[in-house]
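The values are calculated or read from the model by the stated rules, or taken from the named source; none is laboratory data. This one's a predicted model, so the numbers in the text were calculated from it and none came from an experiment. When we count neighbours, we look across all protein chains shown, and the Cβ atoms used for this are built from the backbone with ideal geometry, even at glycine.
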Amino acid sequence: MDLLGFLAVPFVAGLILTGIHAYLGLHVVERGVIFVDLSLAQIAALGTTMAYLAGHDLHDPVTYYWSLGFTIAGAAIFALTRTHAAQTRIPQEAIIGIVYAVSAAAAILAMSKAPEGTEHLKDMLVGNILTVSWKTVIQTAVVYSIVGLFHWIFRKRFLAISMGQEIPHVRWWDFLFYTSFGFVVTSSVVIAGVLLVFSYLIVPSVAAMLFARRVGTRLAFGWIMGALVSALGVWLSFHWDLPTGATIVCTFGAVLAALGLLRLLPAFSPTQA
């Protein structure tokens with residue numbers, strides 16, 4: 001019972017991450033901006049790094065606002081460059097990759113002279129979901145619920161943009177999408193780190209696309225996969241005494257590879273569901 005109680009918190013955290021990221025992942029995959037989450041997560045981590053160097057504790061609310069501010073700035077960049085990138089024939093993915101590389105390099109430079117810099121950089125990448133508290137989980141769930149409600153209200157506009165349809169004021173709606181995305185990422189990076197956040201976003205959506213075409217079915221598939229992988233990854237990390245974030249990321253990769261092999265069988269071709 002003590003073991004179950006200890007593992008319950010990271011497992012619930014994984015479920016919460018799955019709930020919002022599997023949905024956002026559908027939009028990201030359809031938009032073809034696969035690395036936007038990785039880039040925004042790295043920008044959020046850079047904001048946290050700058051707050052840390054300014055003398056704020058990593059768990060200080062001020063640090064969260066620093067991170068959020070950096071992420072919103074990144075959201076503005078992606079929204080403004082979307083149309084411009086199309087006009088200049090520069091893929092937006094290239095801009096996203098550049099922002100990621102510069103943000104990662106800036107974080108490394110900033111922490112190179114700081115005490116415990118190496119440990120902080122490792123936490124930014126893989127996090128430490130095993131030590132997350134119930135307070136953090138509840139706060140994160142509240143933030144995700146608000147973002148989820150926002151997306152439910154404006155779901156038609158966001159889905160239309162993701163499916164390549166033209167709507168009025170598309171740049172404004174893009175900014176709102178990426179900003180709400182930023183709120184999610186800022187909270188997620190604190191719990192899970194950059195790589196795990198990216199895995200929760202992309203892997204369930206990609207796996208779902210192997211077997212289903214409809215958005216609803218893909219979303220349900222992603223939620224189920226995320227929940228199962230979270231449970232398995234947390235258990236494996238505890239059983240083998242491995243870093244939890246990195247273990248879950250590798251578990252996502254292994255499960256996706258297994259599903260890819262399964263997809264090769266004729267009986268598991270994509271359905272219309």
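Miscellaneous remarks
- Of residues in segment 136-177 being closer than 13 Å to Arg82 by Cα and β-branched (Val, Ile, Thr), the one surrounded by the most Cβ atoms within 10 Å (Cβ to Cβ): Ile161
- Scoring Glu166 on the criteria (1) over 18 Å from the mean Cα position of the chain (by Cα); (2) closer than 22 Å to Gly74 by Cα leaves a single failure, condition (2).
- Applying the condition of being buried (at least 18 other Cβ atoms within 10 Å of the Cβ) and within 16 Å of Ala192 (Cβ to Cβ) to segment 217-231 and asking which residue is nearest to the chain's Cα centre (by Cα) yields Gly226.
- The helices (runs of 4 or more DSSP H) found wholly in segment 1-104 and carrying at least 1 residues that are of a type in the set (A, V, I, L, M, F, W, C), modelled with pLDDT of 85 or more and under 30 Å from Trp235 (Cα atoms) occupy 2-31, 36-53.
- In segment 244-261, the residue that is farthest from Ile129 (Cα to Cα) out of those that are crowded, with 18+ Cβ neighbours inside 10 Å and not hydrophobic (A, V, I, L, M, F, W, C) is Thr251.
- When Thr131, Thr136 are checked against the criterion of being among the hydroxyl-bearing types (Ser, Thr, Tyr) and out of contact with any helix residue (DSSP H, G or I) (no Cβ under 7 Å at 6 or more places or on another chain), Thr131 stands alone in meeting it.
- Top-ranked residue of segment 178-207 - restricted to ones that are surrounded by 24 or more Cβ atoms within 10 Å (Cβ to Cβ) and either free of Cβ contacts under 8 Å to residues at least 40 places away in the same chain or aromatic (Phe, Trp, Tyr) (or both), ranked as farthest from Ala79 (Cα to Cα): Tyr200
- So Ile146, is it under 28 Å from Leu259 (Cβ atoms), of a type in the set (Val, Ile, Thr) and either at pLDDT below 85 or under 17 Å from the mean Cα position of the chain (by Cα) (or both): no
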